[in-house]
Structures are given as structure tokens and as C-alpha cells.
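Read the structure below first, then the notes.
The values are calculated or read from the model by the stated rules, or taken from the named source; none is laboratory data. The shown structure was predicted, so the numbers you read here are calculated from the model rather than taken from an experiment. Note that each Cβ is placed from the backbone with ideal geometry, even for glycine, and that neighbours are counted across all protein chains shown.
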Amino acid sequence: MALVPSGKASARSAGSAPGIRRLGRWFALGAAVLLTAAAVSTPGIAAAAPSSRSGGQPDFGPNVKIFDPSMTVEQIQATVNAIHTEQVDNEMGTQRYTLLFKPGTYGTPDHPLIFQVGYYTEVAGLGLNPTDTVINGHVDVYNRCLAADNCIALVNFWRSLSNLTINVAGESGCRASGEFWAVSQAAPLRRVKVNGNMTFMDYCTAGPQYASGGFMSDSVTGSLVNGSQQQFLVRDSNIGSWSNAVWNQVFSGTVGAPAQQFPNPPYTTLAATPVSKERPFLYVDAQGKWKVFVPTLRKNSSGATWQNGPTQGRSVPISDFYLAKPSDSITAINIALALGKNLIFTPGVYNVDRSILVWRPDTVVLGMGIATLTAVGGSVPMWIADSKGIDVSGIMIDAGTVNSPALMQVGTKLGGALNLGDADNPTVLHDVFFRVGGPHVGKADVSLEVNADHVILDDIWAWRADHGVAGSVGWDINTGRNGVIVNGDDVLATGLFVEHYQQYNVIWNGERGKTIFFQNELPYDAPNQAAWQHDGTLGWAAYKVNDRVKTHELWGGGSYIFTNVDPTIHAARGFEVPNKPGVQLHDILTVNLSAGTIDHVVNDTGAPVNNDAIGVPSYVTSYPAS
């Protein structure tokens, strides 16, 4: 059995994290940025967003559409319908949009506002509370029909809905039955209140109606139809009812969640989330000033943060942010960060030829419209210091055609005075997504590398593409060794989706790590068994915990196999962990999607999954067995 390089130091020596010499270069670059910044006047930096200095409406660029209640439903409808028409099938395109609704009410029960959300579209209210912005109608995602008889939600990625209330109204027949949010990965719901039925599958469109997995947090709903969702995570929310389960549905700190019953039905339920911090969001205050609200950390949390009073946190004026545009140079962005600005990426695709350096404690980095950073020349597009309280949210990072050692690195993990992680003020990544291939050829050794301690990973999707534009996908084309490597201690993942990487999808080297919800598909495209094995072990496990780790815990994990190029391929196991009392896995599974075999669920435990029972999971309720 092959081993992951033992210990954090040896993991770094493999080239995945900055060593001493690379750290020196980071400091040299940081000094250069500061010296350059000293020669640039602050007003010059602020000129990127001149209207933000007075708190007036910022210049977010042409792809941010801002609505207010004085506008007619017809005016709004025309704009949102045009964007949906452009984006509904634009899976690998470059257009990005944000639709912002100022506080107030839109539509009426008799004259509702009804629209659909396509790719790379963010829909958000601008109130301080979700109840400040109300839509009477629907904000829906339906199945995407790839052919007349193939309508699915399996590829409904890269969109979001947040910070508003929907009073479900309008439509007719089947469509009147609820708010439809038929999505899979990278399509989060946050701070949403739904009055009426809500469904995570589109049962009104022709089949097969499959959906792969999703994420909801800090929300309040009535009845929920889970339907065909393979896996789903609901965190720190209040729900009225939940209809059913497929392979594993995970609830953490969710009031009204089904009781723990795994595997029949497969519900994994934690009464509280160990640590949580909700995503920062834009809002407009009572005086019309634009701000960003940063929620506070909660421990052993349950229920929505705003259910029994306002969300606790701090407000940051928009004048404290640099509003980046895709045309901006990375040097200008780094100067702004060095001068103490926070950062908003307005919608678009950014070509990143050197690392964006996030150094300062409590810096907020916020993406709009799934803003996308594309690595150029083998760069690491974003590097985050070992620091306290940094929030990065709402961005996607794409690999470029030249191989990158990583797409995002968090911390240096050199210990001592350089390790400034703080359990009471952790760095948090919310809704941060990675792609290797898909829209173009992409190559990266690692997508996300976490070297710092006390980091929260809240809804991460790392995806080595299994499909995309012609010529962008193939075993030797879009190459990616590992999706996520965690070297830091005390790292918590709430919603970890990692798929199709060519070796271990996840490697966990740090101590006291915790994962609540893990979803994985092994690589589809290995050409044969000889190309996908190591040291006498068939394939690679999806989730690997280093043999030296003493304490680690995972709740609700699944790994799927679909080796469609060579259906005879085996993976020895889905999960690989040390046999130690402190390393515990709860409610895990493997499943065959129609090709290939996983011989065991974890280590040598758990029945195989193969073509004899397609779509039937093999479950392990507890490992080691209690």
C-alpha cells in the first residue's frame, strides 16, 4: 500500500507548498508591492470605484443589474429573462452576471415576478435581513434538457441565490407547486426564506430528472422535496419538513431535520455545527449607504443566524473595498490589498499571471457573479497568508494551459511566529470553486492547498472536468493530481465536493481535522488499470488521511465510480485512513454509477460495488466499528 508523504514537512517538500526560499520570494514581492504602493496616492486606487467613496451606488460594471421596488414587474422581467436566455445553456461561457434587489417588495400574488437562473448568475437581496427583500413569485432553476428525452439537473452548476424572501406565487399546473431549485454542485442557497413548498428536483420536466448534490445554509423554509438529489448538505437552517433521501442527506445544526437514521433511510444528522461563520454579503442601509456585512463566528451552532433577531457581525463601508474589474492588472489589485483595502471582484473572467496576495488579518475578498480567476503561465492565482479572520467567498479559480503547482494556497505552514491562525477568528473560504479543464485546457498539480491552522472550508467544489468544450478534457489533457490537500491542524470542512482527480482526490495531513459532508466521483477517464494504480494498489482512494494522523473525524461521505473508458477498472477502496481510535468515519458509502468496481468502502471494510448492482450503495455506518 502506497503512503502519502508522512508528516507536514515531507508533504511540503514534494513541492506543493512554499518552502523557505519561496517564502523569501513572497516577502520580497510583498515588499515590492508596498514600495510601489507608497508611490501611488490612495485616491488613485480609489478611482477604480469613484462613487463608492461617498457610500453612493458603486460602479460594479455593466454585468451587475440593480433593481428597486419602484421598477415595474415588466421592466425587471425583461432584464432577467434576457439574461436567463443568454445563460441557460452557457455552461462553459465567459459571461458573468449579478442581479441585486434593493430592500422592498417585488411582484404581487396576482402579478408575480417569475424568472429562472442560468449559469454564472448570482441573485441576491440587498437588505440587512433576508426578510427586507421580498419576491412574490418564483426564482427557479429547472432541469437542463440536453436532448428531448434527457432533462437533468446533473450539470446545473455555478449560480447562487441569497439574502431574500420568496413568497411562492404564480405559475400554473405542476409549476405552481413550489419554488424549484434543481441544481447540483456550486449552486449554493444562503440566507433564503421560502414561504411555500420548495423542491431540489424538477419533477415537472421530462426525465430522468437526476440531481447530484447541493448546499444550503442559514435559511428558513417550509416543506422541502429532496427528490432525486444523490447527496445534499443543509447547515445551520430551519426547515419544516424533508421528503426523502437517495444515498446520503446530511444535516448539521438544522432545526427540523430528520432524526439520525443512517442507512435506512440514509440521514446523517448532527445537532450542532462545531464551528460556523456565514458568508459576507452586500447590503444597503437605511440611509442608502452601500456596505458589506461580515457575520461573526458561532460555535456549536444551530438554526439560521437571523431567525430570532439580527445576524451578529460587523459592517464594512464600500469605500473600504477595491472594486476590481477584469481589465485591472494584478499589480493594481495587490497594491490595493497592500494599502489595506478589502477586495470585490466584479463579474467577469480575470487572467492572473502572478499570485493575488491576501496578507492582512480580517481582509474580506468577495466575488460577484461567480467571478473567475484563470491561471496564466503556471501561476498560483491566489495566496492567503497565515493570518486571522480572512474571508474569501464567491470566486472560481480555473487552471490554465501551463501547469500550476496549485490554484490556491492558504498559509505557509512553517510554524512558530508565522502561524497566526486563531480558533476564535479563523480564516474561512465560502463558496470557492476550482476547475481543471472544461472551458479550455487546464493543468494544475493541486487545486486547493491548506497549510494554515484553524481554517473553515464552507462549500468547496474542486472539479477536474469530466466534460467541456472539444479538446479540453482527457487523461493527458486536463491533468490534476489532487483536489484538496490539508496540511494545517484544526481545519473544518462543511461541504466538501471533490471530483475526478487522477490520484487521491483529498489528502488530509493535519491533526484534528473534521469534515461534515464529502461527495466525490473518481476519475471517469483512466485509460486502463495500469495507468491508475500505485505500488500494487488498484486505483486511488477518494479520501486519504495520512497514516501519522492521530485524530480525524468525518460525517456523511460518498465516493462513486464510473470508469467509462475502461469498465474493468478497480479501485481498492473509497476511503483510506489509519486504524487508530481517534480516526473515526460516520455514515459513508461507495456506489457504482454504471462502470467500474470499488472493492471496499474504507480500507478493507465494506462490500464491493460493481455492475451487478448499479446505483446500489455499499454502506459503512461507523469505522472503526463501535
field: Condition broken by Gln519, with the remaining ones in (1) more than 22 Å from Val484 (Cβ to Cβ); (2) buried (at least 16 other Cβ atoms within 10 Å of the Cβ) satisfied
entry: (1)
- prompt: In segment 118-150, which residue that is part of a loop (DSSP other than H, G, I, E, B), at pLDDT 95 or above and not aromatic (Phe, Trp, Tyr) is surrounded by the most Cβ atoms within 10 Å (Cβ to Cβ)?
  reply: Asn143
- prompt: So is Ala153 within 24 Å of Thr98 (Cα to Cα), at pLDDT 95 or above and more than 26 Å from the chain's Cα centre (by Cα) or not?
  reply: no
- request: Would you check if there is a residue in segment 112-124 being touching a residue at least 40 places away in the same chain (Cβ under 8 Å), in contact with an Asp or Glu (Cβ under 6 Å, 6 or more places away or on another chain) and either small (Gly, Ala, Ser) or more than 23 Å from Phe281 (Cβ to Cβ) (or both)?
  value: no
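Does Gly556 satisfy the condition of being in contact with a His (Cβ under 8 Å, 6 or more places away or on another chain) and in contact (Cβ under 8 Å) with a residue 60 or more places away in the chain? Walk me through how you get there before you give the answer.
Values: in contact with a His (Cβ under 8 Å, 6 or more places away or on another chain): yes; in contact (Cβ under 8 Å) with a residue 60 or more places away in the chain: yes.
Judged against the criteria, Gly556 is a match.
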statement: Per the filter on segment 156-173, residues surrounded by fewer than 22 Cβ atoms within 10 Å (Cβ to Cβ) and touching a Ser or Thr at 6+ places or on another chain (Cβ under 7 Å) are Thr165
- request: Select from segment 582-605 the residues that are of a type outside the set (S, T, N, Q) and farther than 22 Å from Thr269 by Cα and write down the one among them that is surrounded by the most Cβ atoms within 10 Å (Cβ to Cβ).
  value: Ile598
field: Boolean, Ser387 is hydroxyl-bearing (Ser, Thr, Tyr) and at pLDDT below 95
entry: yes
task: State whether the residues of segment 83-93 include one that is farther than 23 Å from Asp398 by Cβ and either touching a residue at least 60 places away in the same chain (Cβ under 8 Å) or not aromatic (Phe, Trp, Tyr) (or both).
output: yes
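So, in segment 357-381, exactly how many residues are among the small types (Gly, Ala, Ser), in a loop (DSSP other than H, G, I, E, B) and crowded, with 19+ Cβ neighbours inside 10 Å? Break it down into steps so the answer makes sense when it comes.
Initial filter on segment 357-381 (among the small types (Gly, Ala, Ser)): 367, 369, 371, 375, 377-379.
Checking the rest, the ones that are also in a loop (DSSP other than H, G, I, E, B) come to 377-379.
Now narrow it down to the ones that are crowded, with 19+ Cβ neighbours inside 10 Å: 379.
Final tally of qualifying residues: 1.
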task: May I ask you to list pairs of residues, at least six apart or on different chains, whose Cβ atoms are under 9 Å apart, with the first in segment 259-286 being in the same structural domain as Leu233 (by TED's automatic domain parsing) and farther than 15 Å from Arg235 by Cα and the second being in a loop (DSSP other than H, G, I, E, B) and polar (S, T, N, Q)?
output: Pro265/Asn244
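Could you list, in sequence order, the residues of segment 240-275 that are among the hydroxyl-bearing types (Ser, Thr, Tyr) and closer than 18 Å to Lys514 by Cβ? Let's see the steps before the verdict.
First, the residues of segment 240-275 that are among the hydroxyl-bearing types (Ser, Thr, Tyr): 241, 243, 252, 254, 267-269, 273.
Those that are among the hydroxyl-bearing types (Ser, Thr, Tyr) and closer than 18 Å to Lys514 by Cβ: Ser252, Thr254, Thr268, Thr269, Thr273.
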statement: For segment 470-481, pairs from a residue that is crowded, with 21+ Cβ neighbours inside 10 Å to a residue that is part of a strand (DSSP E or B) and of a type in the set (S, T, N, Q), with Cβ under 9 Å and 6 or more apart or across chains, are Gly480/Ser447
Yes/no for Pro326 being at pLDDT 95 or above, assigned to a loop (DSSP other than H, G, I, E, B), buried (at least 24 other Cβ atoms within 10 Å of the Cβ) and at negative phi: no
- prompt: Which residues, taken from segment 384-408, are buried (at least 23 other Cβ atoms within 10 Å of the Cβ) and more than 11 Å from Lys443 (Cα to Cα)?
  reply: Ile384, Asp386, Ile390, Asp391, Val392, Gly394, Ile395, Met396, Ile397, Met408
Residue among Gln533, Gln503 that alone is free of Cβ contacts under 8 Å to residues at least 24 places away in the same chain and within 23 Å of Ser447 (Cα to Cα): Gln533
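Got a number for residues in segment 387-417 being touching a strand residue (DSSP E or B) at 6+ places or on another chain (Cβ under 8 Å) and outside any strand (DSSP E or B)? Spell out the reasoning first.
Within segment 387-417, the first condition is being touching a strand residue (DSSP E or B) at 6+ places or on another chain (Cβ under 8 Å), and the residues that meet it are 387-400, 402-411.
Imposing the further condition that a residue be outside any strand (DSSP E or B) reduces the set to 387-390, 399-400, 402-403, 411.
Of the residues in segment 387-417, 9 are touching a strand residue (DSSP E or B) at 6+ places or on another chain (Cβ under 8 Å) and outside any strand (DSSP E or B).
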- prompt: If you go through segment 306-313 one residue at a time, do you hit one that is in contact with a strand residue (DSSP E or B) (Cβ under 6 Å, 6 or more places away or on another chain), outside the structural domain of Gly367 (by TED's automatic domain parsing) and within 25 Å of Pro361 (Cα to Cα)?
  reply: yes
- request: Can you give me the number of residues within segment 59-77 that are in a loop (DSSP other than H, G, I, E, B) and free of Cβ contacts under 8 Å to residues at least 60 places away in the same chain?
  value: 6
